[in-house]
Amino acid sequence: MIKTVSVLFVALSLVAVQPCYGAERLVKILEGIRNNYGTLSGFTLKYEREIITKSMAMMGDAVASDPAAGQLHYKPPYFLKVEQQTPNHEILTTDGKTLWWYIPQKNQVYRYPTERLGPELRLLSDVFRGLRGVEEGFVVSLKEEEDGKPLRLELMPNPPWPDIARIDLHVIPPDYILEKVEIYNIMGGLTRFKLGGAVKQEAFKEDFFRLEIPEGARVIEE
């Protein structure tokens, strides 16, 4: 969970980089995303995750593996909680200083310094607080889809990443809701996150993002 969520943090945070074409249209899309998310004091989004291997993709993407679903809670600047509800309950949460990963089935808590996901958290904050602050590292292409389908922003790492080939962000016009994030690896597979369209505004307290260690849980420092 921690690796795929980390990649999602990165993917959601890269939309303020250098467009290779369609600059005016891209700016409008970024402004729309900022209006949806950047003015909220906190919010909750539903998500679904699926992993598709290269062989699955060649068969028409009919079957996905390792599905998971849950909720993502965010409060600026760096408070984040991901609650995986299926197939197994897990919690990944940070208050900006410490990162906890709780696996109830094993009654284990992994505790990390936030630096483990620090850059990703800062980038995530950039996207939701205004989509600014990321100026280098990616080339963005705006792909116009037909028949009312979502717009697609194609992000190519520059310089290339060792594991990730590209990241696609799917945005629904005319309100520019983030619908889907697709992370393509160099082996031809992808990890897809579907984000719930409805954004529920929240007034979180800071302790919501701190994990109270369950009684008897084994704590593993990383």
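For the reader, a short list of remarks on this structure follows.
- All positions within the range 86-102 that are outside any loop (DSSP other than H, G, I, E, B) and either touching a Ser or Thr at 6+ places or on another chain (Cβ under 7 Å) or crowded, with 17+ Cβ neighbours inside 10 Å (or both): Glu90, Ile91, Leu92, Thr93, Thr94, Thr98, Leu99, Trp100, Trp101, Tyr102
- Test result for Lys81, outside any strand (DSSP E or B) and at pLDDT 75 or above: no
- Of the residues making up the range 39-56, those that are modelled with pLDDT under 85, part of a loop (DSSP other than H, G, I, E, B) and not hydroxyl-bearing (Ser, Thr, Tyr) number 1.
- Considering the range 204-219, the residues that are more than 19 Å from Thr94 (Cβ to Cβ) and touching a residue at least 60 places away in the same chain (Cβ under 8 Å) include one that is surrounded by the most Cβ atoms within 10 Å (Cβ to Cβ), namely Arg218.
- For the range 158-183, the tally of residues that are of a type outside the set (A, V, I, L, M, F, W, C), part of a strand (DSSP E or B) and surrounded by fewer than 20 Cβ atoms within 10 Å (Cβ to Cβ) stands at 5.
- Hits in the range 92-116 (condition: within 18 Å of Gly42 (Cα to Cα) and touching a Phe, Trp or Tyr at 6+ places or on another chain (Cβ under 6 Å)): Leu92, Thr93, Asp95, Gly96
- Residue, farthest from Glu115 (Cα to Cα), within the range 6-26, restricted to residues that are assigned to a helix (DSSP H, G or I) and modelled with pLDDT under 75: Ala23
- Residue match in the range 107-114 (condition: part of a helix (DSSP H, G or I), modelled with pLDDT of 70 or more and under 19 Å from the mean Cα position of the chain (by Cα)): yes
- Residue selected from the range 115-135 under the condition under 25 Å from Gln201 (Cα atoms) and among the aliphatic types (A, V, I, L, M), by the criterion modelled with the highest pLDDT: Leu117
The values are calculated or read from the model by the stated rules, or taken from the named source; none is laboratory data. Just so it is clear, the structure is predicted and the values come from calculations on it, not from any experiment. Positions of Cβ are backbone-derived with ideal geometry, glycine not excepted, and every protein chain shown enters the neighbour counts.
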